[in-house]
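Asker: Have a look at the structure that comes next, please.
The values are calculated or read from the model by the stated rules, or taken from the named source; none is laboratory data. Predicted model, so just to flag it, every value in this text is computed and none were measured. Note that we place each Cβ from the backbone using ideal geometry, even for glycine, and neighbour counts take in every protein chain shown. Side chains included, ligands, DNA and RNA excluded: accessible areas come from the protein's heavy atoms. Shrake-Rupley method; radii C 1.70, N 1.55, O 1.52, S 1.80 Å.
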Amino acid sequence: MSFLGFRQTADIDIILDGNESRKMAEMKTEDGKKEKYYLYYDGETVSGKVNITLKKLGTKLEHQGIKVEFVGEIELYQDRGNHHEFTSLVKDLARPSDLMQNTSFSFEFLNVEKPYESYTGSNVRLRYFLRVTIIRRLSDIVKELDLIVHTLSHYPEVNSPIKMEVGIEDCLHIEFEYNKSKYHLKDVIVGKIYFLLVRIKIKHMEIAIIKRETTGIGQNTFNENETIAKYEIMDGAPVRGESIPIRLFLAGYELTPTMKDINKKFSVRYYLNLVLVDEEERRYFKQQEIVLWRKGERTRRIPIQQIQQIQLQEENKPQVNNTNS
């Protein structure tokens, strides 16, 4: 009889193919710390090796099968017991048997669909990970490796400027405009504010970027607002006819693309919030939604193997003899 304390066990390591050259990206963990993970995009193959190292040499490891999974899931923090999987792929690495020595298995998930961007928020987390399981009768041995997925977009076909008017009857009338309504994550928001009527004493004016995370549906909808950036754009009383320029650089902030109704579980939206404060500390504000998107790199590098293959094909092309007989 084998007691639990004396059973064979093992360490599992997951080694991704091409990890030496693959980019890494940062992601906040639930406790607010930042960790780096390997970065993947939609449609990319996920492949590598699983190394299993036995802890007790000379003792066999009985198992009911070994498998590797690629999982995409959404976890709502108020419902931690349920993980909502939107992607789940499985590869069997070994049938039920005994492991007598350290073993390696190769795996490949070809052209994996990754429809959503990785995200860690105030009340929800969307994550992708590989999970290796050595199935045993009493307790499985499990190893997980998180990955980050970024979703890339093209320049929007329609990107109209934003023009709005804000006013309090016979007291204040201002007009503001932003150069466009959709911005990539490294973009610059450019705009102007025009004062058409000013009959209240304004002390200062500020603009803020607000992130709104929405989870749940119907009566169980919950909104969490976070101020990403805040700028004072005017200090002192404006006069009629004055215009105030706005230039807000997005590159320095932790932003994600706009996410709308992700798997019917959550949304992330961004707003520009314009606030005016008068001398009596009354606040007047106007909010406008903007769309954020992630731009792909400008240059696409061709792998050296592909270049060599093209050169070899050119060299092996049959020569055409144009000499007339």
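Asker: Which of the residues spanning the range 86-115 are of a type in the set (D, E, K, R), surrounded by 12 or more Cβ atoms within 10 Å (Cβ to Cβ) and closer than 22 Å to Gly65 by Cβ?
Answerer: Lys91, Glu108
Asker: Could you tell me how many of the residues in the range 46-76 are part of a loop (DSSP other than H, G, I, E, B) and open to solvent by 40 Å² or more (accessible area, probe 1.4 Å)? Step through it out loud before you land on a result.
Answerer: First, pick out the residues of the range 46-76 that are part of a loop (DSSP other than H, G, I, E, B): 55-60, 64-65.
Then keep just the ones that are open to solvent by 40 Å² or more (accessible area, probe 1.4 Å); that gives 55-60, 64.
Residues that pass the stated criteria total 7.
Asker: Report the residue count in the range 213-242 for those that are modelled with pLDDT under 85, surrounded by 12 or more Cβ atoms within 10 Å (Cβ to Cβ), of a type outside the set (A, V, I, L, M, F, W, C) and assigned to a strand (DSSP E or B).
Answerer: Selection size over the range 213-242: 0.
Asker: Could I ask something else about it? Take the residues in the range 85-127 that are in a loop (DSSP other than H, G, I, E, B) and hydrophobic (A, V, I, L, M, F, W, C); name whichever of them is nearest to Ile228 (Cα to Cα). So that I can check it myself, show each step before the final result.
Answerer: Just the residues of the range 85-127 that are in a loop (DSSP other than H, G, I, E, B), to begin with: 95-96, 100-102, 110-118, 121-123.
Next cut, hydrophobic (A, V, I, L, M, F, W, C) only: 100, 110, 112.
Numbers: Met100: 54, Leu110: 37, Val112: 33 Å.
Residue satisfying both the conditions and the ranking: Val112.
Asker: Does Lys36 meet the test of being in a strand (DSSP E or B) and loosely packed, with under 13 Cβ neighbours inside 10 Å? Spell out how you get there, then give the answer.
Answerer: Values: in a strand (DSSP E or B): yes; loosely packed, with under 13 Cβ neighbours inside 10 Å: yes.
Answer is yes for this residue.
Asker: Go through (1) in the same structural domain as Gly236 (by the TED database); (2) outside any loop (DSSP other than H, G, I, E, B); (3) open to solvent by 60 Å² or more (accessible area, probe 1.4 Å); (4) not polar (S, T, N, Q) and name the single condition Ile210 misses.
Answerer: (3)
Asker: Still on this model: Within the range 53-71, count every residue that is under 20 Å from Asn111 (Cβ atoms) and either out of contact with any Asp or Glu (no Cβ under 7 Å at 6 or more places or on another chain) or of a type in the set (Phe, Trp, Tyr) (or both).
Answerer: Qualifying residue count, the range 53-71: 3.
Asker: From the list Val190, Val158, pick out the single residue that is free of Cβ contacts under 8 Å to residues at least 24 places away in the same chain and of a type in the set (A, V, I, L, M, F, W, C).
Answerer: The unique qualifying residue is Val158.
Asker: Ok, one more. Within the range 161-173, can you find the residues that are among the aliphatic types (A, V, I, L, M) and free of Cβ contacts under 8 Å to residues at least 40 places away in the same chain? Show your work before the answer.
Answerer: Keep residues of the range 161-173 that are among the aliphatic types (A, V, I, L, M), which gives 162, 164, 166, 168, 172.
Selection gives nothing.
Asker: Looking at the range 210-228 only, could you name the residues that are closer than 23 Å to Asp278 by Cβ and not hydroxyl-bearing (Ser, Thr, Tyr)?
Answerer: Restricting attention to the range 210-228, the residues satisfying the condition of being closer than 23 Å to Asp278 by Cβ are 210, 227.
Answer for the range 210-228, where residues must be closer than 23 Å to Asp278 by Cβ and not hydroxyl-bearing (Ser, Thr, Tyr): just Ile210.
Asker: Out of all the residues in the range 307-322, is one or more surrounded by 12 or more Cβ atoms within 10 Å (Cβ to Cβ), outside any helix (DSSP H, G or I) and at pLDDT below 90?
Answerer: no
Asker: Does the range 141-164 include one or more residues that are of a type in the set (Asp, Glu), closer than 22 Å to Phe285 by Cβ, surrounded by fewer than 17 Cβ atoms within 10 Å (Cβ to Cβ) and touching a Lys or Arg at 6+ places or on another chain (Cβ under 6 Å)?
Answerer: For the range 141-164, residues of a type in the set (Asp, Glu), closer than 22 Å to Phe285 by Cβ, surrounded by fewer than 17 Cβ atoms within 10 Å (Cβ to Cβ) and touching a Lys or Arg at 6+ places or on another chain (Cβ under 6 Å): absent.
Asker: Let me ask something additional. Here are Leu138, Leu145: which of them is in contact (Cβ under 8 Å) with a residue 40 or more places away in the chain, under 20 Å from the mean Cα position of the chain (by Cα) and closer than 30 Å to Ile12 by Cα? Let's see the steps before the verdict.
Answerer: Numbers: Leu138 fails: under 20 Å from the mean Cα position of the chain (by Cα).
The unique qualifying residue is Leu145.
Asker: To continue, here is another question. Within the range 4-33, take every residue that is open to solvent by 80 Å² or more (accessible area, probe 1.4 Å) and in a strand (DSSP E or B) and give me the one that is farthest from Ile148 (Cα to Cα).
Answerer: The residue in question is Lys28.
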